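Asks: Below you will find the structure I want to go over with you.
The values are calculated or read from the model by the stated rules, or taken from the named source; none is laboratory data. Keep in mind that what you see is a predicted model, and the values were worked out from it rather than measured. As a convention, Cβ positions derive from the backbone with ideal geometry for all residues, glycine included, and neighbour counts pool all protein chains shown.
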Amino acid sequence: MYLSRLQIENFRLFGSCDEDRHLDLELSSGLNLLVGENDSGKSCIVDALRMLLGTLSEEYYPITPEDFHRSGQKLIDENDD
């Protein structure tokens, strides 16, 4: 058995299906590689898989409200006054 498809919606940099900003990734049996520029979503995909499978690394970072994508809302910068 293998994971053949991964869909991520409204998690970190991936937005909603309605806005076509989600991830719909087809996977093949065997080895699949994630390759891309910095900040392109590779770690987001791995973290989503960890949540799905219920596995945690030794460096556990809990999910926070900032992990969920909200279209059109600016994140608050602590340095902005």
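Asks: Give segment 23-81 a look and list any residue that's among the β-branched types (V, I, T) and at pLDDT below 85, or say none.
Replies: Result: T55, I63, T64, I76.
Asks: Can you tell me which residue in segment 14-27 is nearest to F68 (Cα to Cα), limited to those that are loosely packed, with under 13 Cβ neighbours inside 10 Å and touching a residue at least 24 places away in the same chain (Cβ under 8 Å)?
Replies: Residue satisfying both the conditions and the ranking: E19.
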